[in-house]
Amino acid sequence: MLNFAHDLRYASRQLRKSPGFTVTAVLTLALGAGATTAIFSAVYGLLLKSLPFKDADRIVSISETHPRITGGIEATYPDYEDWRSQQRSFEQLGAYSTLNPTTVSLIANGQPESVHRVLASGNFFSLLGVGALLGRTLGPGDEVAGSDHVVVISSAAWQQYFGGDPKVVGRSVDLNGASFTIVGVLPPGAGYPSEGEVWMPLSLLEQPTRVSRVFHSVRVLGRMRAGVELPAARTEMQAIAGRLASTYPATNRGVGVMMSPLRDQLVGRLRPAILSLMGAVVLVLLIACANVASLLLVRATANRREVAVRQALGADRARLFSQYLAQALMICSAGSVLGVALAAVALPLLRIALAHSAGLDASMIRSVSLSIPVLVFTLGVCTVTALLFAMLPVVRGAFGRNAVNLVEDLRPGERGNSGMRSWGRGALIAGEIAVAVVVLFLGTLVIRSYQKLVAVDAGFRVDHLLSAEITLPGPKYTDSNTATGLFFQQLLQKLGESPGVVAAGTTTQTPLQSSQVMTRFLIEGVPQPAPGAFPAAQFRYVSGDFFRTMGLGLKEGRIFSQKDIDDAASFAMVNSAFARKYLTGRDAIGAKIILGVLSPSPTKIPVVGVVTDARDLGVETEPQPELYLPGYGVHEVLLVRSSVNPEELASIIRNTVRQVDPNQPLYHLQTLNAVLDDSLARQKMTATLLGIFGFVALALAAIGVYGVLSYSVAQGTREIGVRMAIGASRMDIVRLVLRGSGVFVLAGVAVGLGVSFAGGRLINGLLFQTGSMDPMSIVMTVCGLTVVALVAVMVPAGRAARVNPTEALRAE
């Protein structure tokens, strides 16, 4: 131990004597360690850290699948009840709903506030293993009619709306015009879903929704029994879905079950992107380590005479290894500490990027931070790296099994093989180039994919367009009463008269946000399909000026008039995709669409207009067949097109809403440009970070190639002098250096491209209209590496050409 302490002091003196070497090694390692620490923080927080629920690994999300819908969707309430009664794989099945509507009006301190509502089953919090901070959570008794006007609030809502009043339990609050009793407050961060502010009994779900196998309204969670594995539970649930399909073919034919761990639902579609970033950053760390390794090998070779003296005086390999370990530890420790500091600076920016990623639960963002496991990971990387760096000189250096004998090492002057012919250093060049090619190619692929994504025409103008959501509270407002229609008519009229407003309209879904709001239908004159095989299309209720506000062109017929709005079941409009798929070969105008095909009294609605397609489910999604119906509901998305900066209209819109109803709040006020940016945030974050990592890999590879070749030229000075003395020209020397390094650079590019093509297939799910062997990405990668490698090679080659042969030969 005393010897190692002495070695640490000796290493410190040696490093202080070579500040250039020390700074270069520490900064190189810090760059790799910092990037790795930041991304591993995201990997740990999103994919590895325990969720704030009891035995969270046993909680799964259960969704239904539909043959005409990609991915999982909410279950119908009757299906959920059948699942619960027939299954044997779960201790509990619970359900929640955030639909119809997502928010309610809360009167707090005399001011209306729009709060996020969650309807939850009585066993919901028991299933999650979440207790109350104050009072109690919901229980089975709260779902009994007459006892269901109770509410549990989040810790954030308790602080924001009730000032953290410890006597809030038992207090009555006004929610959508009805009185509810607060029975409990949840601990911080324990609410699920995280955007929820108030949890109410699931029995408050509208009665038509509770009895229908058409309305998909509830999300289901299950806690698996001990000893039951997910595949077995999935098999049982698929069998139940099959029985339901046989019993209710009209609604359940082709409907299956999708099950996944709760974490997958919280992380959404971000897992592939995070894992890709982690793979890329590990490769960057590998290049950084290779650079430091080459620096240490150069230093060890330069000091081999000193090492030979120590061996001659009796030092054994263990003692020499201890000295190199002390030096490597000091470099790695300094690099890791600086890397952690860099990660601490980068993490807030990473959290901001994650906050805008669609599909990621907000609760997961708080998990992305420096933590004990992350720091232990960084410490482990530091320790392993130091050990490897310390072993390199032993294995490859002056006193390893390839070392020359002590007599040769103690003799002054240059010895051994020429630095110009070192296959070991050439392999190091090839390796760094290969890894850099992989990172750069993958980054280029994703950037090219993102460029194609942002160039897609959404089908409508997103500029100067503002959106906001309004949820009208009951019982004053309902989906069918005149008060609802009157509210929106007055609001749109007043907004249309406001300065700076070009047009204003309403719809039921925010454009560019994923939605699976679909309806089954038939076209009059088309043979009726088998039960459960009805076609389905996206549908929206809209106001008459919706199309002008969005900038959608009319291709045939006419748009809705106010008379159509007053009689909501009178007419329909469709988009071009609907007309192409379902109305080909017939006159679209006048064709009758049959809605409510599963009800006792289907309704025939004639088509009065066809409008252009809009990618309103997201620019990465092709326009889907869409059906537009006139009318208003209690929940509407308000769209306002302006002639000025749309954000300047925010106060005008709020004031106009209050003029129509002083107690009506407005929420989710945002520009459509911001909505578009948020919808592409995951792709933008991935492309940006992979681009940065590609640039860093390129820079580190250039530094590594330059360092290795500079050392090779220095080691081969005498050989260069001999060649020039016997007639070699300066260009001959330049060609010698270029030829010697070019072989390894080309080998690195070839190997890197081979690995890159395999890696491209792995990230194919992140790409949009870009193949995993995209020719342009290949050209850009090869050209970029070639230019950088050429620059890195030319400097040492020029130095070699300037060698004075007389001085070179005199060096011996």
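Numbers below:
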| item | result |
| --- | --- |
| Accessible surface, 1.4 Å probe, highest first, among residues Y77, Y248 | Y248, Y77 |
| Under 13 Å, Cβ to Cβ, from L466 - net charge with Lys/Arg +1 and Asp/Glu -1 | -1 |
| Per residue, in Å², the accessible surface of the range 63-143 once ligands and nucleic acids are set aside, probe 1.4 Å | 35 |
| Length added when fully stretched, L554-L133, from 0.36 nm per residue minus Cα-Cα | 146.0 nm |
| Partners for K684 among lysines (Cα-Cα distance below 21 Å; same-chain residues under 8 apart left out) | K452 |
| Modelled FRET efficiency - R0 25 Å, L27 with L790, Cβ distances, 0.05 increments | 0.55 |
| Semi-axes of the equivalent ellipsoid for the range 153-307, Cα gyration tensor, largest first, Å | 52, 31, 13 |
| Pairwise FRET efficiency - A245 versus E622, Cβ, R0 = 30 Å, nearest 0.05 | 0.60 |
| Calculated FRET efficiency for the pair V743/C783, C-beta based, R₀ 22 Å, to 0.05 | 0.70 |
| P(r) weight above 13 Å for the range 178-231, C-alpha pairs, percent | 75 |
| Summed side-chain charge close to P625 - residues other than P625 whose Cβ falls under 9 Å, Lys, Arg +1, Asp, Glu -1 | +1 |
| Rounded to the nearest 10 Å², the accessible area of V755 at probe 1.4 Å | 80 |
| Residue-normalised accessible area of the range 530-674, expressed per residue, 1.4 Å probe, Å² | 41 |
| Residues whose placed amide H lies under 5 Å from that of L175, excluding near-sequence neighbours | F180 |
| Partner aspartates and glutamates for K592 [C-alpha distance under 12 Å; skip if fewer than 8 residues away on the same chain] | E524 |
| Of all accessible heavy-atom area on the range 513-619, the percent that carbon and sulfur account for (1.4 Å) | 54 |
| In Å², nearest 10: area of T70 left accessible to a 1.4 Å probe | 130 |
| Computed Kirkwood radius, in angstrom, where 1/r is averaged over Cα pairs of the range 159-248 | 17.3 |
| Column: log10 I(q)/I(0), Debye, Cα scatterers of the range 55-158, q = 0.15, 0.18 Å⁻¹ | -0.81, -1.11 |
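The values are calculated or read from the model by the stated rules, or taken from the named source; none is laboratory data. Everything numeric here is computed off the predicted structure, so don't read it as measured data. Methodologically, a virtual Cβ is constructed for each residue, glycine included, from the backbone with ideal geometry; neighbour enumeration extends over all protein chains shown. For accessibility, only protein heavy atoms count, side chains too; no ligands or nucleic acids. Shrake-Rupley method; radii C 1.70, N 1.55, O 1.52, S 1.80 Å.
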